[in-house]
1. For the stretch 100-156, which positions are small (Gly, Ala, Ser), under 13 Å from ASP65 (Cβ atoms) and without any contact (Cβ under 8 Å) to a residue 40 or more places away in the chain?
2. Looking at the stretch 57-90, which of its residues are within 25 Å of ARG277 (Cα to Cα) and among the polar types (S, T, N, Q)?
3. Name every residue in the stretch 183-219 that is part of a loop (DSSP other than H, G, I, E, B) and either open to solvent by 30 Å² or more (accessible area, probe 1.4 Å) or without any contact (Cβ under 8 Å) to a residue 24 or more places away in the chain (or both), in order of residue number.
4. Of the conditions (1) open to solvent by 30 Å² or more (accessible area, probe 1.4 Å); (2) of a type in the set (A, V, I, L, M); (3) assigned to a helix (DSSP H, G or I); (4) closer than 20 Å to THR44 by Cβ, LEU263 satisfies every one except a single condition; which number is it?
Amino acid sequence: MSDEPLLEPTVVPFVAPDRAPQVQLAKPPRVLAVANQKGGVGKTTTAINLGTALAAIGEEVLIIDLDPQGNASTGLGIDRRNRQHSTYDVLIGEATLRDSIVPTAVPRLHLAPSTLDLSGLELEIGQARDRAFRLRNALAPLSTVAASQAKFTYVLVDCPPSLNLLTINAMAAANAILVPLQCEFFALEGLSQLLKTVEQVRAQLNPDLTIHGVVLTMYDARNNLSGQVVADVREFMGRKVYDTIIPRNVRVSEAPSYGKPVLVYDLKCSGSEAYLRLATEIIQREKELLAS
């Protein structure tokens, strides 16, 4: 990420059209960026299944797919032909975020899908003064809702596996970052790099950004290395590491090929149970943050 200072965001005001339906102010949703520059650590799997688990316990959830590969969109069963508007259209200013949102098969879970067009976004808006704040500006109108619209309580942003302009947009818009971390040898090395980027974003773009927590993924109890990684990460990050650990589970791996979250594909498997525990733990942390 460039050290070039970026100007303060210009939030586009919501302008109600003539004869607009009655609108009301809503509490802004909590925005969590699911981020790690390493690929294959379980970002998309976590976004999909955590979103489903939060919806299952009564939250209104929006998943924003910011990965050009569109795996979160595919994993929730949204066919490419049904992506009339995408997050690319939102970030270049050709559609509102509400325009892009589609319902999923999971009650209370919605999605803003992505397309491959996102891969060229940096070339298109890289010189724009508000380039790092496009997502923040797009999220602002969610606080004004019509009676027929969902009042989202959580927004999960599925970031690409790199520290590019898309990830920076997510961090600039987020209240906090949720970091999936695979139980593998180089886990801490990647985490250190991510934390440096978070500090840069906090200094230049979003002073309120925090690390919500680190979720350890793909844990294999039969592997001594997994246990060592858990111990090392807990020593390094302390209470920032969630108690819940996501196990390596074949049902979690199978579910996306059916266009379903694992909680829909097999509610009784160990992966589903872990994501439900994680959702409960996140809600508890949110309550503690509000109380402090």
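1. If the condition is that a residue be small (Gly, Ala, Ser), under 13 Å from ASP65 (Cβ atoms) and without any contact (Cβ under 8 Å) to a residue 40 or more places away in the chain, then SER100 is the only one that fits.
2. Within the stretch 57-90, ASN71, SER73, THR74 qualify.
3. Passing the criteria: GLU184, PHE185, PHE186, PRO207, ASP208.
4. The failed condition is (1).
The values are calculated or read from the model by the stated rules, or taken from the named source; none is laboratory data. The structure presented is a predicted model; accordingly, all values stated were derived computationally and were not measured. Heads up, the Cβs are rebuilt from the backbone with ideal geometry, glycines too, and the neighbour counts pull from every protein chain shown. Keep in mind that these areas ignore ligands, DNA and RNA; they rest on the heavy atoms of the full protein, side chains included. Shrake-Rupley method; radii C 1.70, N 1.55, O 1.52, S 1.80 Å.
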